[in-house]
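K.L.:
First, the structure itself, so that you have it in front of you.
The values are calculated or read from the model by the stated rules, or taken from the named source; none is laboratory data. Bear in mind that the values here come from a model prediction, so they are computed numbers and not experimental data. All Cβ positions, glycine included, derive from the backbone under ideal geometry; neighbour counts span all protein chains shown. Note: areas computed on protein heavy atoms with side chains; ligands, DNA, RNA excluded. Shrake-Rupley method; radii C 1.70, N 1.55, O 1.52, S 1.80 Å.
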Amino acid sequence: GSTFKKNGYHSLLTRSSDKKVSLVQRSQIAYQLKADLLVSIHVNSTLSYTENAWGIETFFFEGHDLLPRRGKTGFLFINCAKDMNILKALCTRTKSIMNKSKTLAQAIQKSIINTLNNKNIKTKSRGIKKETFRVFVQTEVPAALVEVGFLTNPKEATRLAKSGYRKLIAQGIYDGICAYLKDNQ
C-alpha cells in the first residue's frame, strides 16, 4: 500500500487479517470505491498432496466464454435475483474492459516470473488463463486473479512461509500493475 502511495496511486486491501471476505463482497468493495482495477491474490491447492502441481498462474475473464459459440444457439437460465445481477454485469461489460483484464493478467504474470528469475529463484510459469470466477463476473473494471503457488506442494509451501519470498511475489505483482497502468491510462 505505501509503495503505491509513494508513486501516486491509491490502493486498498479488502482485508489485512485472516477474516473471510466473499468474492461478491470483493466486487462490491471495488464498485463502491470506484476502483480502476481489481487484483485478487490467492494461494493454489490440489486435492492430492503432490510435488507435481506447482507454479504461478494468473487468470482473467472474457465474457464471451459464457455465450454460445458462433453459429450455435443456446439458452441462459436465470434462477434467482443473484443470477440477474450476474446477467446485468455481463450485459454492461465492454470488450475494452475484457481486453484490459487480459493485458493486466499478462503484465502481472510476466512481472512475478521476472522478479523471481532475477533473484535466481526457480519457478514455473503456468501462464495466463481465461476463467469465469465469480469475482470477475461481478466486477465492472479490469480484473486479474493471481495464484502465487501451491500450498499442497511442499517446496512452494516452504517458500510461501518465508516473508522474503512473499515480498518478492508482492514486488512482482506491484511492478506488473505499474507496467499495466503505465500503458493503460
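K.L.:
Cα-Cα over 32 Å: which of LYS34/LYS102; LYS95/LYS167; LYS19/LYS102; LYS95/LYS122; LYS100/LYS122; LYS34/LYS162?
P.N.:
LYS95/LYS167; LYS95/LYS122; LYS34/LYS162, as the Cα separations exceed 32 Å there.
K.L.:
Summarise the accessible area of the stretch 106-146 (1.4 Å probe, protein heavy atoms) by the percent that is carbon and sulfur.
P.N.:
Of the solvent-accessible surface of the stretch 106-146, carbon and sulfur hold 42 percent.
K.L.:
Still on this structure, please answer the following. If the cut-off is a Cα-Cα distance under 15 Å, which aspartates and glutamates reach LYS155, setting aside same-chain residues fewer than 8 apart in sequence?
P.N.:
By straight Cα distance, LYS155 reaches GLU51.
K.L.:
Points 7 angstrom from Cα along the Cβ direction at GLN28 and SER163: gap in nanometres?
P.N.:
Between GLN28 and SER163, the label points sit 3.4 nm apart.
K.L.:
Moving on to the next point. I want the local charge near ALA157. Using Cβ-Cβ distances under 13 Å, sum +1 for each Lys or Arg and -1 for each Asp or Glu among the other residues.
P.N.:
Neighbour charge sum, excluding ALA157 itself: +2.
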